[in-house]
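A short write-up of the structure that comes next.
Every number in this text was worked out from the coordinates using simple rules, so none of it is lab data. Keep in mind that this is a model prediction, so the values were computed, not measured. Neighbour counts are summed over all protein chains in view; Cβ atoms, including those assigned to glycine, are modelled from backbone coordinates with ideal geometry.
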């Protein structure tokens, strides 16, 4: 066999192209004669539209069309509710262009199509809209009160959803408790800020009746289904392509954004290609956000520190609409007990409408909030019981012999009972303690304090349900001319390295190098069954589908090669792009085997001569293609997970706080994580480190500053503080590999892992560092210098 | 984020540039473009015409004289930062420059452009005020010199008339034996300062401060020379109680109101911390210069 590729640090196939600037993003697709779109967006958080006058805009030179809700025909309906759930009584979704009312600053009111974006923006400025502003409430708790202004007139108390889940007997646990601790914590609103904003381009071919849409989406197949349905076209007449995409982080999985419908509509109506390239300001105002949750969590414990019960009540900000259902809140509520046994759980949430852009999953999807709540509560419990923070966790972690560990009564995002399938939680905690130098930290801390420096240790554990169904597929084909292997799946990639890890999986089965495996995805013409890229699921779901498919193709190759080389199939081994007779120098290249597997009439090249009707290798008694046989070396198969597989990890940090300037420096950051078998450790480390960087953003920097009037004060990358490389410390990442029993490859997802625990780690470390000043509490992230200053002021420093 | 329609002119002489400005009330000067162009993309600035001064003769370069460093209008931050002669006569410049945005921005942005923008959190205005420098303004009626403390009038507002071009800035050199220091607190590396403090001081033979210059940015609507703190510290050995007094004397200089993430109280705390640290560092350097 060749060297095993699964598990190797294979360099990414996609990188040379991207690093040379040869990537093709939506805006790079050549579309001669294309028109460009600009939107007029609402300047009000909540208002009635009294009138819209587009006449001056329509007269502006270079303008092809101006659309309001009156001009878009059948599209003027509320967009789909993607994930229905009985906890929502009156779920609201948005119309492509506002009709009657606007519900947040940035909502699309009118669309201008013009010869270029400059002209389109000039014309948009000429549209006159008269608004009658309405009162609004931005505060989550106040929005629920009886006299609060309503986002939607027919949704009392702005209550979008209310849901309770119970596991075990929490009332009994709290009655038995020897100690109860309770805190309220908050994680603030943030945004994914992908490097490439969203983008859509469309071309309508009136001759063939085909609509082609380039969309920087995480869900091309789902978008295709939606467009076919909206425009009443056969699915085969709609092609959706997600070309190179510069980051998604969940923001690009929502469908539809208004432009995804309106751009194809304009292309069809105007008979010219149309494109819309979202700019950064629009990404801040009009694309999904996530995070604000306020949790009040109580832990019922025995004096030993064993937690026997948990109650959590939280408010979840869902924005003005709820197109993605309760997914974020549901993931938070089912992740609330983290990696701990805690057998009795009561978790309740209220999702609240606020006059802001909709909330849908952003990398982490409710888990950072749940982790912040449980981990901060565990720290407080440890302090109150006089236990070390590592020790209290050690006493509560699910032990290896307790898997699968079920939480009866908690249904995860896949609609199935939470079942933590496998792991070595205790070992991960011990590794984190060792890597942090926790044993000697107290001495180090004391020494630093003597020098006037304030060091703290921060710690947090997390779990992550990954690899949601329903299914994905894989298609594998060996090309008869080149011998290269083509692989397709129904996902799209936003930079994760799918093309490399899927290639590694296939390379092992077919005896080729990963560089000779060409992965094409994100194009409904390449593969048109599947769902989308989200929920840390690509490696788990598509990875296993492709693996299953590769096994089938492997079997076909071996059978065909055995026939050609006239040996038993078990005498064949695959390596170096060929089938070899074991222990000999006899071989047949994969290209030749693929060619011979396709009965030919025409010898279009030398290799093909061997497959034509008079060639010796083509001798057969029956028809050239036997009943039930297909030509070539090709297969398609699917994988549908029985349930989610749960990854986990422990993060820790040594943090220095400068009380004079109230600044925080992460001196050391340690991540122990386990995503099952790793297909490519280098790519895993990239995912984890990227997640940690985003987590540091959420812990210390990234905060959407909504004003009381609904305006976002920092809708730019100058004022919304995405951390630079200068803010990200070196991170030591240590791997544990506990294969999941749930899928053939033994893999779990890792896309979101890095970001989950960081907020809790940082807050925990800052508290520890400032202990000499008193019992300061940090129960909110992002944690700003101002908050530290305020806390110090409270204790008279 | 595309600008509205604007005109563009590329004069080759100062007089030509001034006459364009004088003839069009909505024309503005384009130097490095690091602030103006983003503002135009946001349509926060909608000039009728950009008067690009990069082709104007005599607006490039740095001249180091006996008492003053002359920085011409088109001199980029990076040139000022890396100039060996400047570093020799005023090592504070390079120290301040580390904090100005990021290298790609410093490669294009100009020192004089930053002064004219007059962001009260920015480093260049603070440096000019701290050193007691000046600018030369040239307009239809000739040239005038404007002292730093008169130049910065309020938030993003200077004494420059709209048909004037600031042809150069004049930064004094440090006196022999002077110690210097600058630091600032920011959320991220390269951001505008929340608070920044610069200090230049000289010690007499007895180790007492014979001259103290102290200035801060980020605390008011202009950079501020902390005169009361300077007076408090002058003549002292810069001990802990002297620093306490200087910090107390500076508290009232913080007039910037509370903002979402930065309270006035936090600004005062940061200002006090930076005054202590910068005075101490400058004094150490002055002592080292003396013993060297």
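Altogether, the Stokes-Einstein calculation at 25 °C and 0.890 mPa s, with the Kirkwood radius of segment A:44-188 over Cα pairs as Rh, returns a diffusion coefficient of 128 µm²/s.
If you average the sequence gap of Cα pairs under 8 Å that are 6 or more apart and divide by the length of segment A:469-639, what percent do you get for the contact order? Kindly include the intermediate steps, with their values, before the conclusion.
Values: 341 pairs, mean separation 49.0, N = 171.
This gives 29 percent for segment A:469-639.
If you average 1/r across every pair of different Cα atoms in segment B:179-291 and take the reciprocal, what Kirkwood value do you get, in Å? Result for segment B:179-291, one decimal place: 14.1 Å. Looking at the calculated P(r) for segment B:7-53, what percent of the C-alpha pair distances fall above 18 Å? In whole percent, the long-distance tail amounts to 23. Distance between the 7 Å Cα→Cβ label points at residue A:33 and residue B:94: 6.1 nm. Spin-label model, residue A:153/residue B:107: points 7 Å from Cα along the beta carbon direction are separated by 5.7 nm.
Ellipsoid semi-axes for segment A:683-797, based on the Cα gyration tensor and the rule √(5λ), read 32, 21, 13 Å when sorted largest first. When each of A:383, A:375 is scored by the number of other beta-carbon atoms lying within 10 Å, the sequence from fewest to most is A:383, A:375. As a calculated quantity, the FRET efficiency between residue A:53 and residue B:208 at R0 = 60 Å, using C-beta atoms, amounts to about 0.25.
Peptides B:11-21, A:623-633, B:223-233, ordered by how many other C-beta atoms sit within 10 Å of their residues on average, highest first, read B:223-233, B:11-21, A:623-633.
Mean per-residue shielding of peptide A:786-797 is 3, counting Cβ atoms of other chains within 10 Å of each Cβ.
What is the average number of partner chain Cβ atoms found within 10 Å of a Cβ in A:711-717?
On the way: counts 0, 0, 2, 2, 1, 3, 0.
For peptide A:711-717, the averaged partner shielding equals 1.
With R₀ set to 51 Å, the beta-carbon distance separating residue B:52 from residue A:296 gives a calculated FRET efficiency near 0.30.
Separation of segment A:765-787 and segment A:720-764, taken as the distance between their Cα centroids, equals 23 angstrom. The mean number of Cβ atoms from other chains found within 10 Å of a Cβ in peptide B:181-190 is 4, as a whole number.
Taking neighbour Cβ counts within 10 Å as the exposure measure, how do A:277, A:297 sort from fewest upward?
Details: A:277 20, A:297 24.
Listed from fewest to most nearby Cβ atoms, that is A:277, A:297.
As a test of understanding, state the convex hull volume per residue of segment A:469-639 from its alpha carbons, in Å³. The partial results should precede the final answer.
On the way: hull volume 21.2 nm³, N = 171.
Looking at segment A:469-639, the number lands at 124 Å³ per residue.
Placing a label point 7 Å from the Cα of residue A:348 along the Cα-to-Cβ direction, the residues of segment A:276-310 whose backbone N falls under 14 Å from that point are A:296-298.
Here the label points at residue A:400 and residue A:718, each 7 Å from Cα along the C-beta direction, are separated by 5.6 nm in the simple model. Counting 0.36 nm for each residue step from residue A:585 to residue A:427 and taking away their Cα separation leaves a gain of 52.1 nm.
What's the extension gain from residue A:74 to residue A:453 if we count 0.36 nm per residue and subtract their Cα-Cα distance? Don't jump to the answer; show the numbers that get you there.
Working: separation 379, 0.36 × 379 = 136.44 nm, distance 6.52 nm.
Computed gain between residue A:74 and residue A:453 is 129.9 nm.
Set the Förster distance to 30 Å, then compute FRET efficiency between residue A:85 and residue A:235 from the Cβ-Cβ distance, nearest 0.05. That pair, residue A:85 with residue A:235, gives E of 0.65.
Using helices alone, I'd like the mean residue ellipticity at 222 nm for chain A: each DSSP H run of four-plus residues gives -39500 (n - 2.57), total over residue count, nearest 500.
Values: 21 runs with 208 residues, N = 797.
So the helix-based figure for chain A works out to -7500 deg cm²/dmol.
For the protein assembly as shown, the Kirkwood hydrodynamic radius from C-alpha pairs, put into Stokes-Einstein at 20 °C and a viscosity of 1.002 mPa s, yields a diffusion coefficient of 66 µm² per second.
Once the chain from residue B:16 to residue B:264 is taken as fully extended at 0.36 nm per residue, the excess over their C-alpha distance is 84.7 nm.
Can you give the percent of C-alpha pairs in segment A:197-343 whose distance is more than 28 Å? Each step should come with its number before you reach the end.
Working: 4211 of 10731 pairs.
Value for segment A:197-343 (Cα pairs over 28 Å): 39 percent.
What order do you get for B:221, A:15 when you list them from fewest to most C-beta neighbours inside 10 Å? List each step's numbers first, then the result.
Values: B:221 15, A:15 12.
With the sparsest Cβ surroundings first, the list reads A:15, B:221.
Between segment B:184-248 and segment A:365-419, what is the separation of their alpha carbon centroids in Å? Cα centres, segment B:184-248 to segment A:365-419: 50 Å. Here the Kirkwood formula puts the hydrodynamic radius of segment B:62-172 at 13.9 Å, using every distinct Cα pair.
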